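Following: one structure in C-alpha cells, then a few remarks.
FYI, it's all coordinate maths here, none of it is from the lab. From a predicted model like this one, the values you see are computed outputs, not experimental measurements. Cβ: placed from backbone, ideal geometry, glycine included. Neighbour counts: every protein chain shown.
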Amino acid sequence: MFTGIIQATGSITALERRGGDVRLSVRSDGLPFASYDVGESIAVNGVCLTAVELHADGFDTDVSVETLDVTSLGGLGVGDSVNLEPSLSLGDRLGGHLVSGHVDCLGNVTNRKADARSIRITVEIPADFARYVARKGSVTVDGVSLTVNDVSATSFDVNIIPHTADITIIGDYAVGTKVNIEVDLLARYIERLLAKDGEGLSMEFLKEHGYG
C-alpha cells in the first residue's frame, strides 16, 4: 500500500525490451535505496512495481505487458522524469489516502491554467471510472494523492499547490499529457457492497440505520 505522498522524483536511465516485457532502470538521489531489499515495492508514477535489482542510486524493475497496456509507462523514454514512492510501513503517517498502486485507467490532461499561486488542471477519464470520483474526494494522479475540486461525467479538476508542482512531475504537465489514474478504493468497495445481488449492504439498510 501507498499514501500518494511522493517522496522523490527520479529519471529513467535505461529501457530494455525483453520478449514483450520491459526492464526499466530508475535512478534517483531522493530515496535510501541501500536500506531496501530486492522485492521491495516502489510506486513509479503511481504504478506498484517490484525492485528486481537494487543500486546505490536506484533500482531495476520488470514491467509486464499488462502493465504497459493499461498505464502510461509504455510511453516513457530514457531521460523522462517519474514520481517515486516506496511502500507504506506500519506506523508511518498516512498523509494522503490509501493507494494500492493498481492503476484503473489512463487520463488525459485537457486544460491547465493559473489559479492564484496554484495550477488548476482538468483531467479527462472514461465515464466508467469518473463515476468513482467525487467533489472534495480523493484521486491519485501519477501516484500523487489529490483532492478533487470539481467533477463532470467524464472529467475532474484538481488544484496543484506550488509545493506539489515543485516536488513532483505534475508541474511539467501540458495539455495532452497522459497520466495514470487510481480512483479511491473506498468508492470501489462501496459500489460492490451496494450491488443489487440480494447480498450485503443496500440503500434500504442504510436508510433504516439513519444514513438516508
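When you count the other C-beta atoms within 10 angstrom of each residue and take the mean per peptide, 67-77, 45-55, 136-146 line up highest first as 136-146, 45-55, 67-77. Taking a point 7 Å out from the Cα of Asp166 in the direction of its Cβ, the residues of the stretch 10-46 whose backbone N falls within less than 18 Å of it are 10, 30.
Charged neighbours of Arg17, selected by a Cβ distance under 13 Å, balance to -1 (K, R count +1; D, E count -1). The largest-to-smallest principal axis extents of the Cα set in the chain are 57, 41, 36 Å.
Using the alpha-carbon positions of the stretch 22-131, Rg (one decimal) and Dmax (whole number) come out as 15.8, 44 Å.
The stretch between Cys105 and Arg93, if pulled fully straight at 0.36 nm per residue, gains 1.6 nm over its current Cα-Cα span. As a length-normalised measure over Cα pairs under 8 Å and 6 or more apart, the relative contact order of the chain settles at 22 percent. Taking 0.36 nm per residue of separation and subtracting the Cα-Cα distance, full extension of the segment from Ala8 to Val70 would add 20.0 nm.
A simple packing score, the average count of other Cβ atoms within 10 Å per residue, orders the peptides 27-39, 95-107 as 95-107, 27-39, with the highest score first.
Computed from backbone phi, the HN-Hα couplings of the stretch 15-28 come to 9, 10, 6, 9, x, x, 7, 9, 9, 10, 10, 10, 10, 7 Hz, rounded to whole numbers (Karplus: 6.51 cos²θ - 1.76 cosθ + 1.60, θ = phi - 60°; Gly and Pro given as x).
Each Cα pair of the stretch 8-86 feeds into the Kirkwood radius, which the Stokes-Einstein equation turns, at 20 °C and 1.002 mPa s, into a diffusion coefficient of 174 µm²/s.
Enumerate by residue number the trypsin sites (Lys or Arg not before Pro) in the stretch 30-131 meeting two conditions: DSSP loop (anything except H, G, I, E, B), and at most 15 other Cβ atoms within 10 Å of the site's Cβ.
Answer by residue number: Arg93, Arg117, Arg131.
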